Amino acid sequence: MRSAIVILLVVDVVIAVVACPLMLGWIKSNSWFGLRTSRTLGDAEIWKRANRIAGRVLIAVAATHAAYCTLQLVSILGVSPSWSAASLTAGVAIAGFYAKRHSETLEAGD
């Protein structure tokens, strides 16, 4: 069980590392990395702002999940790793949904 939780912690770190360039606005519009919708791909400013939001939300999800996993490692929580993996998957899905919905409200030059 501990090894599964450690793997999930590593996944949290990877998510946070991958989200940092998005949050910092370093990634230009492209077809393979970032929040790709017709609106974000159609306007560079909306791309940058939407992906900054997506990066922040993904980092928050990864940090929250890492705290949850850390509590599991020190045996405060007796939850199975499959629930932990499910919570991470749900958190990332919710983050993506939130960022996509927010990107739909952005206007160029706001």
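A compact table of results
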| read-out | value |
| --- | --- |
| Conditions (1) closer than 25 Å to Glu107 by Cα; (2) touching a residue at least 60 places away in the same chain (Cβ under 8 Å); (3) of a type outside the set (A, V, I, L, M); number of the one not met by Thr70 | (1) |
| From the options Lys48, Lys100, residue that is at negative phi and modelled with pLDDT of 90 or more | Lys48 |
| Failed criterion for Ser75 (all others in (1) at pLDDT 80 or above; (2) more than 13 Å from the chain's Cα centre (by Cα) hold) | (1) |
| Number of the exception - Lys28 against (1) assigned to a helix (DSSP H, G or I); (2) over 22 Å from Arg101 (Cβ atoms) | (1) |
| Residue in segment 29-42 that is under 10 Å from the mean Cα position of the chain (by Cα) and closer than 23 Å to Glu104 by Cβ present | no |
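Residues are listed down the side, and each one gets a yes or a no for (1) assigned to a loop (DSSP other than H, G, I, E, B); (2) surrounded by 13 or more Cβ atoms within 10 Å (Cβ to Cβ); (3) of a type in the set (Lys, Arg):
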position	(1), (2), (3)
Lys48	no, yes, yes
Ala60	no, yes, no
Ser82	no, no, no
Arg101	no, no, yes
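The values are calculated or read from the model by the stated rules, or taken from the named source; none is laboratory data. All figures in this text were calculated on a predicted structure; none of them were measured in a lab. Reconstructed Cβ throughout: ideal geometry from the backbone, glycine too, with neighbour counts over all protein chains shown.
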